[in-house]
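K.L.:
To start, I am sharing the structure in question, which I have written as structure tokens.
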Amino acid sequence: MSVAFRRESDDEHLEPTFELPLPPGPNLVTPRGRALIEERVAALEAEIAATHEDEVVKKLRRSLRYWLTRRATAIETAPRDDGAVGFGSRVTFQLAGKRRCVTLVGDDEADPATGTIAFSAPLARALMGAEAGERVAFNGREDSIEILAVE
């Protein structure tokens, strides 16, 4: 049989495992966000210590590298105190006739279902710098968002 058709091992044909992608831009976090990162690191370290399967440990170490990088690059940022929307602000606004309330947080802390969105999200970028009573553009429409309150 030709050497070209012989397979030495299955490892040669495995898909490469890449590192988890880091969000672009600065890693801004709230105090709660920093605590969540610390909890995640501790949980992964404990899981690695308790696991003995090589493949599972490899996946856990990959996740741990991501969270260690996020911890090392975290920039704890306080909310603005000048009444304008910024990182850490809780904003009440009206969009398309619906009243909504969101808090602008870091990428890893964001969970839209609980009312937290990443500061890098398009909606958050549209809200940045606005004050209560202002109307801002969003989704190609001028005055589509009315800012009701900023905390």
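The values are calculated or read from the model by the stated rules, or taken from the named source; none is laboratory data. No experiment lies behind these values; they were computed from the predicted model shown. All Cβ positions, even for glycine, are placed from backbone atoms using ideal geometry, and neighbour counts span all protein chains on display. The area values use the complete protein model at the heavy-atom level, side chains included, leaving out ligands, DNA and RNA. Shrake-Rupley method; radii C 1.70, N 1.55, O 1.52, S 1.80 Å.
K.L.:
Sorting 92, 114, 77 by accessible area (1.4 Å probe), largest first, what list results?
P.N.:
Largest to smallest exposure gives the sequence 114, 77, 92.
K.L.:
Further question on the same structure: For the chain, give the percent of accessible area contributed by carbon and sulfur heavy atoms, probe 1.4 Å, rounded to a whole number.
P.N.:
Exposed carbon and sulfur together represent 52 percent of the surface.
K.L.:
Using the crude model of +1 on Lys and Arg Cβ and -1 on Asp and Glu Cβ, and no other charge, please compute the dipole size for the chain relative to its Cα centre, in debye to 20.
P.N.:
Result for the chain is approximately 320 debye, rounded to the nearest 20.
K.L.:
With both bridge residues required to lie in the chain, what share of the DSSP beta bridges run antiparallel, to the nearest 5%?
P.N.:
Given both bridge residues lie in the chain, the antiparallel proportion sits at roughly 75 percent.
K.L.:
Among 105, 144, 69, which residue has its Cα positioned farthest towards the positive end of the charge dipole of the range 53-151, with +1 placed on the Cβ of Lys and Arg, -1 on the Cβ of Asp and Glu, and the dipole taken about the Cα centre?
P.N.:
69
K.L.:
So how tilted is helix 54-73 from the main axis of the chain? Cα-based, degrees 0 to 90, rounded to 10.
P.N.:
Compared with the principal axis, the helix lies near 40 degrees.
K.L.:
Hand me the GluC sites (Glu not before Pro) from the range 49-108 located in a DSSP loop with no more than 15 other Cβ atoms within 10 Å, in residue order please.
P.N.:
For GluC sites (Glu not before Pro) across the range 49-108 that sit outside H, G, I, E and B with at most 15 neighbouring Cβ atoms in 10 Å, the list reads 53.
K.L.:
Then there's this: Can you tell me, using C-alpha contacts under 8 Å and at least 6 residues apart, the relative contact order of the range 82-123 as a whole percent?
P.N.:
Relative contact order comes out at 28 percent.
K.L.:
Tell me, what is the Rg over Rh of the chain, with Rh the Kirkwood radius over Cα pairs?
P.N.:
A ratio of 1.19.
K.L.:
In degrees, nearest 10, range 0 to 90: what is the angle between the Cα axis of helix 31-50 and the longest Cα principal axis of the chain?
P.N.:
20 degrees
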